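Notes follow the structure.
No value in this document is a laboratory result; all are computed from the given coordinates. Worth saying up front: this structure is predicted, and the values here are computed from it rather than measured. Glycine also receives a Cβ, built like all others from the backbone with ideal geometry; neighbour counts cover every protein chain displayed.
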Amino acid sequence: MSSRPLDLDIDLLRTFVTVVETRSFTRAAALLNRTQPAISLQIRRLETQLGSPLIDRTGRSVALTTEGAALLPQARRLLRLNDEIVATLGEGDLEGEVRFGAPEDIATLHLPGILGAFARSHPRIRLSVTCDFTANLLDQMSRGMLDLALIKREPVGPELGASVWKEPLVWVAQDLALAAETPLPLIVAPAPDIYRKRALAALQSAGIAFRPAFTSPSLAGQMAALRAGLGVSVLPAAMIPRDLVVIADPLPPLPDSEIALVSASGTGGPAGLLAQEVLRALERGPRNVERPAGFPTGL
C-alpha cells in the first residue's frame with residue numbers, strides 16, 4: 001500500500017519565496033505582517049516537510065542551498081496557480097482596493113505591464129495609482145493614504161522597504177558640448193526629488209558651478225527639455241533614449257539608483273498579492289519588464 005502523498009503548505013511556500021525575493025527575514029516579516037521568529041519558524045517547518053535545508057544560514061545574507069534553488073521556480077509556479085484559482089473563484093480577500101504609489105518615471109516605464117497583468121488576474125480588486133516624489137509618497141503612507149509604494153531610496157543609512165533593484169545613474173544631454181558650459185545648465189525636478197539631490201551634491205562636491213536651466217516635476221517635460229538642448233540631466237541607465245548621449249568626464253560619478261518596495265503596517269490581502277507580483281516581476285532588474293509601447297529603449 002502506497003504512503004499518503006505530501007501536501008505542501010501554500011503559506012509556507014509564500015513565506016519562502018518572500019524571504020528569497022526580499023533577501024531578508026526581517027523585510028519578509030514586515031511584508032507578510034509577521035514577526036521575524038515566526039518567519040524563521042515557517043522556513044524550518046518547510047525544510048522539515050521536504051527533508052532538506054533550503055536556506056544557507058552560515059552567511060550574513062540570504063543564500064539558497066542547492067535544494068532551495070531547485071524549489072524556488074516550482075514554488076513560484078504553485079503560488080501563481082493558487083492565486084489564479086482563488087482569483088477565478090472571486091472569494092475572500094481578493095475583493096477590495098489597493099492604493100499604490102510610485103514616482104512618475106518608475107510608473108511610466110516599469111508598471112503598466114505589471115499592473116495590467118494583476119488587474120486581469122484579479123478583476124475584483126480595484127487599483128488606485130498615485131505618482132509623486134518619494135518624500136511625498138512616504139508622507140501619504142504615514143497618513144494611511146497608501147498601501148504600497150515603490151520609492152527611490154538612498155544607498156546608505158537605515159534600510160527602508162524591500163530592495164527591488166539597483167541601477168547606475170548617469171549624466172545625459174542632447175549634446176556632449178553642454179557639459180563644458182560654465183555654469184553647467186541643469187534640467188532637474190523640483191525638491192524633494194532624489195535625483196536632483198544626487199546631482200547637486202555631486203556637483204558641489206566636485207566644485208562645478210551650475211545653474212537651473214529647466215525645472216519640471218514631469219518626466220515628459222524634462223525629456224522635452226533635454227531633446228531641446230536646454231541642459232544636462234540625470235537619468236537611470238535603463239531609461240536613456242537613443243537620441244541622447246551619456247556624459248562622463250568632466251562630470252562627477254553618481255551613486256546608484258536604488259528602488260525599494262514599502263508597505264503599510266499590517267498590509268495583507270489584495271495589497272500583499274500586489275506586493276508579491278511587483279517583487280516577482282522586478283526581482284532581476286527592470287530590463288526584464290516589458291516597456292510600454294512607444295517608450296524609447298535604452299542604449
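Key figures
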read-out: On Cα atoms only, tilt of 66-89 relative to the major axis of the chain in degrees; value: 90
read-out: Amide H within-cut-off set for residue 257, under 5 Å, with H built and near neighbours excluded; value: 167, 169
read-out: Inter-probe distance in nm under a simple model that places probes 7 Å from Cα toward Cβ, at residue 142 and residue 216; value: 3.1
read-out: Computed lengthening from residue 7 to residue 154, 0.36 nm per intervening residue step minus Cα-Cα distance; value: 48.7 nm
read-out: At q = 0.17, 0.21 Å⁻¹, base-10 log of I(q)/I(0) for region 1-89 (Debye sum, equal scatterers on each alpha carbon); value: -0.72, -1.05
read-out: Crossing angle, helix 104-121 versus the chain [Cα axis fit, 0-90 degrees, rounded to tens]; value: 30
read-out: Only Lys, Arg (+1) and Asp, Glu (-1) charged, at Cβ; the chain dipole about Cα centre in debye; value: 260
read-out: Pair residue 36, residue 228: separation of 7 Å Cα→Cβ label points (nm); value: 5.1
read-out: Percent of beta bridges antiparallel (DSSP, the chain, rounded to nearest 5); value: 55
read-out: Added length on full extension, which subtracts the Cα-Cα distance from 0.36 nm per residue, residue 249 to residue 97; value: 49.9 nm
read-out: Stretch gain in nm, segment residue 177-residue 124, where the contour uses 0.36 nm per residue and the Cα spacing is subtracted; value: 13.8 nm
read-out: For residue 232, residues with placed amide H under 5 Å, excluding near neighbours; value: 186, 187
read-out: The chain: relative contact order as a whole-number percent, Cα under 8 Å and 6+ apart; value: 23
read-out: Cα-based helix-to-principal-axis angle, 194-206 vs the chain, degrees rounded to 10; value: 50
